[in-house]
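Structure first, commentary second.
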Amino acid sequence: MFTPKWKKEAQHLVKGAKKFVDYKRDLLKPERVAEIDSRRADLLSAIKSKDLAKVNEASKQIRAVCENSLPHEKPLGWFEENVEVMFVAIVIALGLRAYYLQPFRIPTGSMQPTLNGIIGTPLKKDQWPSFPQRLLEKVLRGRTYVYEVNDRDRHIAITRQGGLDIKDTQFMHFFSRSEIRFSDSPPLRLPAPTNPSSAIGLSAAINHAVRNGGLIPKDMVICEGTIDSGDLVLVDKFSYHFRKPKRGEVFVFDTIGIEGIQKRSGEQGAGSHYIKRLCGVPGDTLSIQPPNLLVDGKIAQEPGIQRVIRGEGAYSINPGGYGLASSNEAAHNGKRLPQYLAKEGATLSLAANGRPGMREYAALGDNTGNSLDSRYWGPVKEFNLVGPALFSLWPVTTGHWGFIR
């Protein structure tokens with residue numbers, strides 16, 4: 001408290017010089033370390049003598065030695081700085097994706113009108129708007145104008161099961177595409193999955209190929225129209241570690257181990273992710289009495305489920321509310337696949353007890369007339385859950401931008 005200011009500053013300088021040597025010893029040359037220690041000793045001697053002039057001179061000397069002990073680093077150029085910023089941004093983004101938020105693209109229309117999947121709309125090329133308008137639509141609503149013409153005669157390859165070799169694929173593990181494999185030329189990749197591509201011409205090309213031994217003739221239009229991107233949503237991967245999933249919320253789950261999905265969807269279903277509405281939690285028993293979804297014999301009252309049941313406004317896309325699974329049973333390797341909610345009185349009971357991760361949930365699409373869900377392949381195990389769908393990020397002009405309900 002009563003120590004003079006000059007003495008306090010000099011003592012701090014002595015300590016600072018020692019810390020400098022300790023922290024930078026691996027970078028300092030031995031002669032520099034010795035010189036700094038010598039200057040520290042001179043400053044301590046000056047402090048002890050209480051000679052202010054000697055203290056100021058010793059302080060000046062020790063500062064100069066420390067400042068010049070390390071070579072000055074060359075400042076980063078614009079390229080190095082931008083690479084460093086990009087690298088840090090990538091690390092942060094990967095960390096967020098791994099532990100907190102994961103982007104997910106809606107591939108199908110099973111959640112309409114709550115969320116849009118990829119939509120194909122036929123439109124002749126001579127009716128397309130100007131290029132600036134197409135560019136603006138691409139940015140705001142994710143709309144792509146597609147015109148694919150076969151440039152030569154091609155024969156679609158045949159799969160081992162005897163069908164045409166056309167399947168859905170993933171580009172960069174994020175963008176949904178479809179691919180046609182040919183027996184006499186390289187594969188052709190289309191900018192959308194098979195369903196929306198079929199809506200803009202692919203189905204006509206397939207029908208022609210079926211009638212003509214797999215041939216798609218030269219100059220035949222394979223796709224002509226628009227492809228609207230599916231909604232890009234952010235999935236909250238954090239919440240389910242601290243709270244139980246809630247009936248009525250929209251959620252994302254992986255399909256690993258759900259045999260009914262993999263057998264119905266093949267390679268598309270194996271290891272992919274689905275987004276549905278969580279309509280049943282462990283301990284629930286579900287049944288369907290169109291248009292109602294019953295939980296333990298009572299009509300479910302959650303707002304999201306009720307919107308589907310009432311079928312009002314935008315939800316009139318599915319006027320029948322919740323319906324039973326289609327009676328057209330699928331088969332795998334010659335065996336019929338089971339269906340869980342396909343008949344009046346059928347129930348789906350969800351296990352509430354069991355080994356960790358084995359509790360069960362039910363997933364139903366809001367567009368129940370066009371949704372492959374728990375009515376067909378049964379429950380979702382707890383270990384499959386990824387998290388609730390939090391926010392619809394893009395496109396921004398579909399009316400879905402914002403928090404998902």
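Please check: in the Gaussian network model of the chain (C-alpha springs, under 10 Å), which one of A314, A192, A17 has the largest mean-square fluctuation.
Evaluated over the chain, the most mobile residue of the options is A17.
If you stretched the chain out fully between S203 and D254, how much longer would it get, using 0.36 nm times the residue separation minus the C-alpha to C-alpha distance?
15.4 nm
In nm, what is the difference between 0.36 nm times the number of residues separating H273 and V88 and their Cα-Cα distance?
63.8 nm
On alpha carbon coordinates alone, what is the Rg over Rh value for the stretch 5-67, Rh being the Kirkwood radius?
Checking Rg against Rh, the ratio lands at 0.98.
Using only Cα atoms, locate the centre of the stretch 337-385 and the centre of the stretch 128-188, then give the distance between them in Å, rounded to an integer.
Computed from Cα coordinates, the inter-centre distance equals 33 Å.
Count the net charge of all other residues whose Cβ sits under 12 Å from the Cβ of P129, scoring Lys and Arg as +1 and Asp and Glu as -1.
In short, +2.
Local charge sum around A157 (other residues, Cβ-Cβ under 12 Å, Lys/Arg +1, Asp/Glu -1)?
+1
Determine Rg/Rh for the chain; Rg is computed over alpha-carbon atoms and Rh is the Kirkwood hydrodynamic estimate from the same atoms.
In the chain, Rg relative to Rh is 1.25.
About the Cα centre of the chain, what is the dipole size in debye to 20, counting +1 per Lys and Arg Cβ and -1 per Asp and Glu Cβ, all else neutral?
Once rounded to the nearest 20, the dipole reads 1320 debye.
Can you check how the C-alpha radius of gyration of the stretch 132-242 compares to 2.2 N^0.38 Å, as a plain ratio?
This ratio for the stretch 132-242 stands at 1.29.
Test of understanding: extend the Cα→C-beta vector of W401 to 7 Å, then name every residue of the stretch 127-143 with backbone N under 17 Å from that spot.
135-143
With springs only between Cα atoms under 10 Å apart, run a GNM on the chain and tell me which of R189, R359, R39 wobbles the most.
R39
Once the Cα atoms of helix 5-24 and of the chain are each reduced to a long axis, what angle between those two axes, in degrees from 0 to 90 to the nearest 10, is obtained?
Helix 5-24 sits at roughly 50 degrees to that axis.
Would you tally the net charge around T398, using a Cβ to Cβ cut-off of less than 9 Å, leaving T398 out, and scoring K and R as +1, D and E as -1?
Spelling it out: positives minus negatives among the neighbours equals -1.
Under the Karplus relation 6.51 cos²θ - 1.76 cosθ + 1.60, θ = phi - 60°, what is the ordered set of whole-Hz ³J(HN,Hα) values for the stretch 337-346, x standing for Gly and Pro?
Per-residue couplings from phi come out as 8, x, 10, 9, 10, 10, 9, 4, x, 5 Hz.
List the residues, sorted by chain then number, that are 5 or more residues from V149 or on another chain and whose placed amide H is less than 5 Å from its amide H.
When sequence neighbours closer than 5 places are left aside, the close amide H contacts are I222.
Which residue fluctuates the most in the chain, going by a Gaussian network model with Cα springs under 10 Å, if the choices are L140, L70, L364?
Comparing L140, L70, L364 in a Gaussian network model of the chain, the most mobile one is L70.
Under a plain spin-label model, where a point goes 7 Å from the Cα along Cα-to-Cβ, how far apart in nm are K125 and K50?
Distance between the two pseudo-spin positions: 9.8 nm.
Using a Förster radius of 45 Å, what is the FRET efficiency between T144 and R355 based on their Cβ-Cβ separation? Nearest 0.05, please.
Calculated value: 0.50.
So which of K244/K298; K276/K381; K5/K48; K8/K60 end up more than 19 Å apart, counting from Cα to Cα?
Listed pairs above 19 Å: K244/K298.
Before rounding to the nearest 500, sum -39500 (n - 2.57) across all DSSP H runs of length at least 4 in the chain and divide by the residue total; then give [θ] at 222 nm in deg cm²/dmol.
Roughly -9500 deg cm²/dmol at 222 nm, from the helical runs in the chain.
Using the Cα centre of the stretch 5-67 as origin and beta-carbon charges of +1 (Lys, Arg) and -1 (Asp, Glu), tell me which of S45, Q61, A10 is placed farthest towards the positive end of the dipole.
Toward the positive end, the furthest listed residue is A10.
Values in this text are rule-based calculations from the coordinates and carry no lab data. In this text, all values refer to a predicted model and were calculated from it rather than measured experimentally. Every residue, glycine among them, receives a Cβ derived from its backbone with ideal geometry; neighbour counts consider all protein chains shown.
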